[in-house]
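Throughout, read-outs are computed from the coordinates displayed, never taken from laboratory work. What you see is a predicted model, and the numbers here were worked out from it, not measured in a lab. Positions of Cβ are generated from backbone atoms using ideal geometry, with glycine treated the same way; all protein chains shown enter the neighbour counts.
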Amino acid sequence: MVWINSILGQSYFRAMRHLAGRIGILDAPTSHQASAHWILSRYISIEGKDVLEIGGAQSGEAAHPFLNDGAASVSITGLDHIQEETIISEKLRILRANALSLSSVFRPGSFDVVYGLSIVEHIPSPKAFLNEVHTVLKPGGIAYFEGNPLWSSPKGHHLWVATWGGSYQHKATANYLFDKFLKIKSSNPLPDWSHLLMTQDQMRDYLNAKRLPNVDIECIVDWVYCSDQINRLNMSEIAESYSNSKLTVLEANTIRSKVPPDIELTLRKHCGDGIDYGISGISYVLAKR
């Protein structure tokens, strides 16, 4: 499974900067990649600690603040984008590992800190994942995970049909991404919450009416309904997994989107009550007691 670094992670960065300004904290994170260190260093001293990043980029951008703060080591894990273990420096290594089987790679109690950026919406089994995190964390260890957009949110389809890489590289004729990404020309042809309200055939008809090429339509429909890159878990399912895990929730924060009343009624009729369709993103800080 590929962990896609969501450009909407910048929403967390902006929210943190805003919050820091309101409460008078001057050392707010300067980027999304720096946010994990900023959050976790409020709970634990990083100096001398062993740190694990799950689903991290090979650039190691999110790891450097930990190393600069005196971390003893940082291990970065991923799957499709990491083929073999690479030793970057004495304190930094990148290796291939599945988030659902961390204990097959690392010994129990290997890390003081575990974190992952833009991964909550991708992990297929939060319960199994959090059990693995609990195993590899040391007693007293801290974890931080965030994700955006969640499946039950407006752009929860997380549309990612790209011509430059991934499953649709040699199929799609254009880029269709759920949000702007770098300077790449792309579009998002899907209405908000359409992945929850349309069947596959209804989405095909909708995209046909927009005169998209048939090959692109099939790529989009395949991503939304069949791809294993997103977990298709609503906010309630995610919250239940995190609340009932072996780890203690220390902090939970959300990013919200406005839900028009008529859409809210349609969503509840079509998908059920008990789901907050306005929560686009979530972040958790957890501890192993």
Q) If you add up the charges near residue 285, with Lys and Arg at +1 and Asp and Glu at -1, over every other residue whose beta carbon is less than 10 angstrom from its beta carbon, what do you get? A) -1
(Q) Suppose we look only past 16 Å in the calculated P(r) of the stretch 125-252. What percent of the Cα-Cα pairs does that tail hold? (A) 67
Q. For the chain, what is the percent of antiparallel DSSP beta bridges, rounded to the nearest 5?
A. 50
**Q.** Largest to smallest principal axis extent of the C-alpha atoms in the chain, angstrom
**A.** 58, 40, 36
(Q) Using only Cα atoms and rounding to the nearest 10 degrees, what angle (0 to 90) does helix 126-136 make with the longest principal axis of the chain? (A) 10
Q) For the stretch 35-186, what's the relative contact order in percent, using C-alpha pairs closer than 8 Å and at least 6 residues apart? A) 18
Q) In degrees, nearest 10, range 0 to 90: what is the angle between the Cα axis of helix 9-23 and the longest Cα principal axis of the chain? A) 60
Q.
Using only alpha-carbon positions, what ratio does the radius of gyration of the stretch 50-180 give when scaled by 2.2 N^0.38 Å?
A. 1.14
Q) Each residue of the stretch 217-233 in turn: what ³J(HN,Hα) in whole Hz from Karplus with 6.51, -1.76, 1.60 and θ = phi - 60°, glycine and Pro shown as x? A) 4, 5, 5, 5, 4, 4, 4, 5, 9, 10, 4, 8, 7, 10, 8, 6, 9
Q.
Quick check: the angle from helix 200-209's long axis to the longest principal axis of the chain, C-alpha only, nearest 10 degrees?
A. 70
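What ratio of Cα Rg to 2.2 N^0.38 Å holds for the stretch 160-226? Please report the intermediate quantities before stating the final value.
Numbers: Rg = 11.3 Å, N = 67, 2.2 N^0.38 = 10.9 Å.
Here the Cα radius of gyration is 1.04 times the empirical estimate.
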Q. Among all the aspartates and glutamates, which ones have a C-alpha under 18 Å from residue 171's C-alpha, if same-chain residues fewer than 8 places away are not counted?
A. 216, 218, 222, 228
